[in-house]
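Q: First, the structure itself, so that you have it in front of you.
The values are calculated or read from the model by the stated rules, or taken from the named source; none is laboratory data. On a predicted model such as this, the values are computed, not experimentally measured, just so you know. With ideal geometry, Cβ positions are generated from the backbone for all residues, glycine too; neighbour counts draw on all protein chains shown. Surface accessibility is based on the protein's heavy atoms, side chains included, excluding ligands, DNA and RNA. Shrake-Rupley method; radii C 1.70, N 1.55, O 1.52, S 1.80 Å.
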Amino acid sequence: MSTRKGKRQLDPVMWQPSIKRQEKANITVFMAKVRESYGVNVTDYENLYRWSIAEPAAFWDLMWQFAGIIASEKGRQIVANADKMPGARWFPEARLNYAENLLLKSHEDQCAIIFHGENGGSQCLSYGELYRCVSQLAQALRHDGVKPGDRVAGILPNRPESIIAMLATTSLGAIWSSCSPDFGVAGIVDRFSQIGPKVLFIGDGYFFNGKVFDRSNQIAPLLQAMPSIERLALIPVINSFDGANENQVTLWQDYLAGFPNDRPMVFAQLPFDAPLFILYSSGTTGPPKCIVHGIGGTLIQHLKEHRLHTDIHAGDRLFYYTTCGWMMWNWLVSGLASGATLVIYDGSPLYPKADFLFDLIDAYRINVFGVSAKYIDTLKKAAVAPRTTHNLASLRTILSTGSPLAPASFDFVYDSIKSDVCLSSISGGTDIISCFVLGCPILPVRRGEIQCRGLAMKVEVYDEKGQPLQGEKGELVCTAPFPSMPVGFWNDPEQRQYHAAYFEKFPGVWSHGDYVALTDQGGMIIYGRSDAVLNPGGVRIGTAEIYRQVEQIDEVLESLVVGQDYDGDCRLILFVVLRPGLQLNDQLIAAIKQHIRTNASPRHVPALILQVTDIPRTKNGKIVELAVRDIIHGRPIKNQQALANPEALEQFSRLVPLLQ
């Protein structure tokens, strides 16, 4: 067995922003505005953060002004019921439109979207061209009777048409909801049938990993299963649909035909908390919950994260590898409100080669590059070194989310990708369509740590009794309201599901479900999901603590650890996927255990290590520990449609006799 220890472990600070970068950062300008407007001596991030949680109304009021939010009415009141969580209402007198804030007329000639497809297709749309496309589609939707509050859904690859459809929908005050085209019919129906979409946009297929996937056969069963659909607009991606016997189906180009593209748009002006997006919980423990996010909360929170935490300036080129079924797609598209150029890609991130996405950085001069922690780990395991094969001169920030970024992956980024880059691990989720903890362009990057808590997000760590912790592991909570809290769940009029999801554990406090620790420097380390926390001998262990050790072992490509109720205690079971051609033997098992024992503790050492060929994941790439835990305890697995690879569960079922 061999491991990579990383030559930087003795120096936890891996990157420091230059004086010039700090001076030019948006957050530095914002701090000057705070001093000017409120007479507060805010000179660094820690002071700014403390002011933002002490004076949230002042912070969000200034953020509105700083971001230049477009609204027909802002109103005088910043927050009503500020002491209620949930129950606070931000900007209760405001009237605005999300799409209006993204379709910036002042940037008409600037490129808004650069699209690159796996099959080689590419496209560039200026802000002016995007406006005209959205105007045409909005007219078509209005002609079909779409109005504020109606739902419009998309089953789409990550293409310009997806963004156009969302913006046209939201320009009318209707609610947008989407998923990626790799969902099966049952998974789509589980989600969309709950919200009753009036119009459905669908692609006839998609390209992935060098293959063509035809999805035109989904059309008839979807129409049958969801009678609410009055119009199905088909986007010809692979040109597979013949249109036979489908009267409700209209081709994209035909849907737009007859509507002028030079008509000024009329944007529906709606309350700050009017519904904008419906997103879905993973659904691996039951039917997906329909999480409703509001117009203003989504917009102002994304503007804060883009401008202050990610330091996006007008004209910057922003990329995030995502599908339309992940909240990072919504987060990415909001970059238009900061005048960014979105670079979007549809296809496999590893095709035709592991470092293909770095070709896009050089080709399109990407400044902010976002991927999953799993992708970075995959590159590390493949031993690629983009810094030796690519220019990467434009790249100044790398974002990572989806799962905790291991310390060894920090080493890999700075050793093998680029040494002068702000590596910002970020974490939040679908529940808040944004982040609780994330990056900052004026703070150092420390190995294995997320840089900071988000501005005006009163994030703390609680023990099981609801007492605050510092430097110890516990539950990530937020103890004060923030604008991007969900409006509620769909079909949950009394908010019972909503309360149960976030406020049942600690009344009046948002409990997010992450197992974390705050560092002395104000950063955060995430140890996994708190509902998957392991408890051998009464000692709480986060799953990420074990993954961080196992991922250093060259023979292991992936791993999953769960706790099994056994003999009155909890024993740890580690499942590993090995490199092709390798078999787990006693020598490797002993070496893995010794590495965990030496670098973590004896409590972290699994009782059993078993080899599997695949690890079950959600369609967003997150490991599904709870489903495996249910299997080994003989409990049924609900809603396997939420998984990207449900067939992976079969081998765990076959292994159950070994665990008795």
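Q: What Kirkwood hydrodynamic radius do you get for the chain when you take the inverse of the mean 1/r over all pairs of distinct Cα atoms, in Å?
A: 25.6 Å
Q: Among 41, 467, 499, flag the residue with its Cα farthest along the positive direction of the charge dipole of the chain, charges on Cβ as +1 for Lys/Arg and -1 for Asp/Glu.
A: 41
Q: Quote the relative contact order of the range 321-458 in percent (integer), defining contacts as alpha-carbon pairs under 8 Å separated by 6+ residues.
A: 19 percent
Q: Also, I was wondering about something else. Highest first, please rank the peptides 141-153, 164-176 by the mean number of other Cβ atoms sitting within 10 Å of their residues.
A: Answer by packing, highest mean first, reads 164-176, 141-153.
Q: Taking H as built 1.01 Å from N, whose amide H comes closer than 5 Å to the amide H of residue 428, not counting residues under 5 places away?
A: Those lying under 5 Å, H to H, from residue 428 are 436.
Q: Rounded, prolate or oblate, given the Cα gyration tensor of the range 546-649, with a/c below 1.5 counting as rounded?
A: In terms of gyration-tensor shape, oblate.
Q: Under the rule a/c < 1.5 gives rounded, and otherwise a/b versus b/c splits prolate from oblate, where does the range 231-367 land using the Cα gyration tensor?
A: In terms of gyration-tensor shape, rounded.
Q: Residue-wise, which Karplus ³J(HN,Hα) couplings in Hz belong to the range 360-375, taking 6.51 cos²θ - 1.76 cosθ + 1.60, θ = phi - 60°, and x for glycine or proline?
A: Result, rounded to whole Hz: 5, 4, 6, 5, 10, 6, 6, 9, 10, 10, x, 8, 8, 4, 4, 5.
Q: Return the long-range amide H neighbours of residue 644 (sequence gap of 5 or more, or a different chain), with a cut-off of under 5 Å between placed amide H atoms.
A: 617, 618, 619
Q: Moving on to the next point. Of 567, 362, which has the most accessible area with a 1.4 Å probe, and how do the rest follow in descending order?
A: From most accessible down to least: 567, 362.
Q: To continue, here is another question. Counting Lys and Arg as +1 and Asp and Glu as -1, each charge on the Cβ, what is the dipole of the range 360-497 about the Cα centre in debye, to the nearest 20?
A: Roughly 480 debye, rounded to the nearest 20.
Q: Stretched out fully, how many nm does the piece from residue 390 to residue 420 gain, at 0.36 nm a residue minus the Cα gap?
A: Full extension from residue 390 to residue 420 adds 9.4 nm.
Q: Taking θ as phi - 60°, what are the ³J(HN,Hα) couplings along the range 273-278 by the Karplus curve (6.51, -1.76, 1.60), each to the nearest whole Hz, with x for Gly and Pro?
A: So the J values, rounded to whole Hz, are 9, 5, x, 10, 10, 10.
Q: Given the DSSP H assignment, sum -39500 (n - 2.57) over each helix run of at least 4 residues in the chain and divide by its residue total; what's the result at 222 nm in deg cm²/dmol, nearest 500?
A: Helices in the chain give a 222 nm mean residue ellipticity of -8000 deg cm²/dmol.
Q: Need one value: the accessible area of residue 540 in square angstrom, 1.4 angstrom probe, rounded to the nearest 10.
A: Accessible area, nearest 10 Å²: 60 Å².
Q: Could I ask something else about it? For the range 1-130, treating each Cα as an identical point scatterer without solvent, what Debye log10 I(q)/I(0) comes out at q = 0.15, 0.21 1/Å?
A: So the normalised log intensities are -1.00, -1.20.
Q: Pull up all non-local amide H partners of residue 289: gap of 5 or more, or a different chain, and H-to-H distance under 5 Å with H placed in the peptide plane.
A: Correct list: 281, 283.
Q: Under a point spin-label approximation (7 Å from Cα along Cα-to-Cβ), what is the residue 251-residue 126 distance to one decimal in nm?
A: 2.8 nm
Q: Taking θ as phi - 60°, what are the ³J(HN,Hα) couplings along the range 256-266 by the Karplus curve (6.51, -1.76, 1.60), each to the nearest whole Hz, with x for Gly and Pro?
A: Whole-Hz 3J(HN,Hα) from phi for the range 256-266: 7, 4, x, 10, x, 9, 10, 8, x, 7, 10.
Q: Let me ask something else about it. Note down the relative contact order for the range 128-209 as a percent, whole number, built from C-alpha pairs under 8 angstrom at least six residues apart.
A: 38 percent
Q: Now, a different point. Restricting to the chain, compute how many DSSP beta bridges are antiparallel as a %, nearest 5.
A: Beta bridges within the chain, antiparallel portion: roughly 60 percent.
Q: Please report the relative contact order for the range 248-332, taking Cα pairs under 8 Å with a sequence separation of at least 6, and give it as a percent rounded to a whole number.
A: Once divided by the residue count of the range 248-332, the mean separation gives 18 percent.
Q: Continuing with the same structure: Apply the a/c threshold of 1.5 to the C-alpha gyration tensor of the range 253-295 and tell me whether it is rounded, prolate or oblate.
A: It comes out oblate by the Cα gyration axes.
Q: Charges at C-beta only: +1 for Lys and Arg, -1 for Asp and Glu. How large is the resulting dipole of the chain about its Cα centre, in Debye rounded to 20?
A: 760 debye
Q: Sort out for me the Cα centre separation of the range 514-542 from the range 358-402, rounded to whole Å.
A: The range 514-542 and the range 358-402 have Cα centres spaced 28 Å from each other.
Q: Please return the longest range in the chain lying between exposed loop sites, taking GluC sites (Glu not before Pro), DSSP loop only, at most 12 other beta-carbon atoms within 10 Å, and leaving the sites out.
A: 1-463
Q: Positive end of the charge dipole of the chain (Lys, Arg +1 and Asp, Glu -1 on Cβ, about the Cα centre): tell me which of 483, 28, 136 has its Cα farthest that way.
A: Going by the charge dipole, the pick is 28.
Q: Using R₀ = 22 Å, calculate the FRET efficiency as 1/(1 + (r/R₀)^6) where r is the Cβ-Cβ separation of residue 656 and residue 569; round to 0.05.
A: Approximately 0.70, to the nearest 0.05.
Q: Another one. Using +1 on the beta carbon of Lys and Arg, -1 on that of Asp and Glu, and nothing else charged, what's the dipole of the range 1-121 about the Cα centre, debye to 20?
A: 520 debye
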